[in-house]
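Take a look at the structure set out below.
The values are calculated or read from the model by the stated rules, or taken from the named source; none is laboratory data. Here the structure is a predicted model, which is why all the values come from computation and not from measurement. Here the Cβ positions follow ideal geometry from the backbone for every residue, glycine too, while neighbour counts run over all protein chains shown.
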Amino acid sequence: MSIQPFLIGGEWIKGNAVPIESINPATGELNGYVGSASAADVDHAVTNALQAQRQPSWCNMLPHERARLLYRVAELIIERGPQLSAQQMRENGKLLSECSFQAAAAAGAFRYFAGICETMVSEVAPSRGQYLSTVVYEPFGVVAAITPWNSPLTLEAQKVAAAVAAGNAVVLKPSEFTPTLALELGRIFIDAGFPPGILNVVTGSGPEAGLALVQHPDVRMISFTGGTATGRIIAKIAGERLVPTALELGGKSPHIVFADADLDAALDAVVMGIFSSSGQSCIAGSRLFIERSIYDEFLGRVVERTRALRVGPPDAPQSQVASLSSFIHRERVERYVASALKEGGQILVGGKRPDAPELEKGAYYEPTIIAGLPSSATVCQEEIFGPVLCVLPFDGEADLIEQANGTVYGLGCGIWTESFKKAWRVGRAIESGTVWINTYKALSVATPFGGFKDSGIGREKGFYGIRVYQEAKTIYLGLG
């Protein structure tokens, strides 16, 4: 059995835990086996990261020299983009076109943080005495970066680029469902000329490798993207250790359509907002709120458009919705749909596996719309993370805001209206880290991203995205 090794201190290691089986969710075929890290392997990785971060060749490297290495990583990602895109598609079933877009975005993240690395400045505080007080920003040392399976290309790039630009060394632990994109990033770091140990990649399970990583005494900052339940476990461990965290967690984003909206544009955004990535997105617009006066008409158009979506293989040009990330995850989605039926919900479209014989070996599930449930229903409250849209009517702004804010989540929100004043009022009232007005899922590495409430702590991307990986230090110079 051939096992793909992982990366510690510039060396490739197969690990001491049971190897991971990588399955193509679109076909059910075996991609291969990947080495799995034990707690001892994780300790080895953190030790190497700490030693590398403290080497003068790294910690004394001038910012523009660090930026040069980051720019080179971006170039290599572009050069290897087709390979990386196909690899992500084979591991999580995402449409090839979307994978290609994400490869370009990953390169963009490294370019962006390279630019910040070259240009960020320290601060001089206003003097209140005979001294000069300055604020400088220092790296934490070793950062643990833990990423999910839905978008490894972009999420791993955003974390690693920012943390390294800030001067840290990183131990990257990818999802066991998508382990090899992180390994390719490690290979790119070596080829770009980074010192060994600045980026280490440990593949393995969350309960073994992930837990050992967040508990390690030399890990001084933790960055995690994933489910809220796991985020709570990490936060508890980090709290006991007094280690800062950045947690980007789940969402149940309200997508709101007022009667005065451009309904054609809203229709496109609503369907894209939930069914792109097969609904496996933390910012998926999974709760559709329609103003009652247009509820029947607009819902009918959404159902019609959804029924016309083409479910198919991720590498087929005509496909609009591909497979889910795994067979286990499809079963989870199916359980949620079954719970909606038990609570009195009505399935307007979808709600089952596709009938096409050519798709029966993959983890496919039809785009699904559920109506007839109150906001308190399970599927309206919990993150399904699949191609399932819950539709609810609303009467006026007060009713809308109460329903939209009536979950534990607060990651994203979309608002469609031609009234600027209304959009501003509602946008400010919604408890959400990001609000889109007359657009949806517009994302930029240059703007901060994160959630309210159970959707997370801290912000990534933008200038915040580098400061979250640094500590402020104040230095006083006496002038008396």
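Structural remarks
- Boolean, LEU299 is assigned to a loop (DSSP other than H, G, I, E, B) and either surrounded by 21 or more Cβ atoms within 10 Å (Cβ to Cβ) or touching a Pro at 6+ places or on another chain (Cβ under 9 Å) (or both): no
- The helices (runs of 4 or more DSSP H) located wholly in the range 33-84 that include 1 or more residues which are among the charged types (D, E, K, R) occupy 39-54, 63-79.
- The set of residues in the range 110-123 that are buried (at least 17 other Cβ atoms within 10 Å of the Cβ) and acidic (Asp, Glu) contains only GLU118.
- For the criterion of being closer than 30 Å to GLU118 by Cβ and among the small types (Gly, Ala, Ser), GLY9 passes.
- From GLY15, GLY32, GLY10, residue being touching a strand residue (DSSP E or B) at 6+ places or on another chain (Cβ under 7 Å) and surrounded by fewer than 20 Cβ atoms within 10 Å (Cβ to Cβ): GLY32
- Going through (1) crowded, with 21+ Cβ neighbours inside 10 Å; (2) assigned to a helix (DSSP H, G or I); (3) free of Cβ contacts under 8 Å to residues at least 60 places away in the same chain one by one, CYS380 falls short only on (3).
- Note on the range 124-164: residues that are surrounded by 24 or more Cβ atoms within 10 Å (Cβ to Cβ), out of contact with any Ser or Thr (no Cβ under 8 Å at 6 or more places or on another chain) and farther than 30 Å from LEU96 by Cα total 1.
- Residue satisfying condition, being buried (at least 19 other Cβ atoms within 10 Å of the Cβ), farther than 27 Å from VAL302 by Cα and not charged (D, E, K, R), within set TYR440, TYR469, TYR476: TYR469
- Qualifying residue in the range 152-159 (condition: under 28 Å from GLY226 (Cβ atoms), charged (D, E, K, R) and under 21 Å from the mean Cα position of the chain (by Cα)): yes
- Condition met for PHE194 (at pLDDT 95 or above, of a type in the set (A, V, I, L, M, F, W, C) and either touching a Gly at 6+ places or on another chain (Cβ under 8 Å) or surrounded by fewer than 23 Cβ atoms within 10 Å (Cβ to Cβ) (or both)): yes
- Flag if SER339 is at pLDDT 95 or above, in contact with a Ser or Thr (Cβ under 7 Å, 6 or more places away or on another chain) and hydroxyl-bearing (Ser, Thr, Tyr): yes
- Scanning the range 383-422 for residues that are among the small types (Gly, Ala, Ser) and either without any contact (Cβ under 8 Å) to a residue 40 or more places away in the chain or surrounded by fewer than 16 Cβ atoms within 10 Å (Cβ to Cβ) (or both) yields GLY396, ALA398, GLY406, SER419.
- Residue among VAL170, VAL201 that is under 15 Å from THR245 (Cα atoms), touching a Lys or Arg at 6+ places or on another chain (Cβ under 9 Å) and not basic (Lys, Arg): VAL170
- For the residues PHE449, PHE394, the requirement of being touching a strand residue (DSSP E or B) at 6+ places or on another chain (Cβ under 7 Å), under 30 Å from VAL302 (Cβ atoms) and outside the structural domain of SER339 (by TED's automatic domain parsing) singles out PHE449.
- Residue satisfying all of: in the range 259-294; β-branched (Val, Ile, Thr) and in a helix (DSSP H, G or I); farthest from PHE385 (Cα to Cα) among these: ILE294
- Comparison of ALA209, ALA235, ALA182, ALA165 shows that the only residue that is of a type in the set (A, V, I, L, M) and closer than 30 Å to VAL121 by Cβ is ALA165.
To keep it simple, each residue is scored yes or no on (1) buried (at least 17 other Cβ atoms within 10 Å of the Cβ); (2) under 25 Å from the mean Cα position of the chain (by Cα); (3) at pLDDT below 95; (4) not assigned by TED's automatic domain parsing to the domain that holds VAL214.
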residue	(1), (2), (3), (4)
THR27	yes, yes, no, no
SER36	yes, yes, no, no
HIS44	yes, no, no, no
THR47	yes, no, no, no
GLN55	no, no, no, no
LEU62	no, no, no, no
VAL73	yes, yes, no, no
LEU76	yes, yes, no, no
ARG80	yes, yes, no, no
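- Residue count for the range 9-46, restricted to those that are closer than 30 Å to GLU138 by Cα and touching an Asp or Glu at 6+ places or on another chain (Cβ under 7 Å): 2.
- Flag for ILE437 being in contact with a strand residue (DSSP E or B) (Cβ under 9 Å, 6 or more places away or on another chain), modelled with pLDDT of 95 or more, more than 17 Å from ALA404 (Cβ to Cβ) and among the β-branched types (Val, Ile, Thr): no
- Of the residues making up the range 383-409, those that are aliphatic (A, V, I, L, M) and in a loop (DSSP other than H, G, I, E, B) are ILE384, VAL408.
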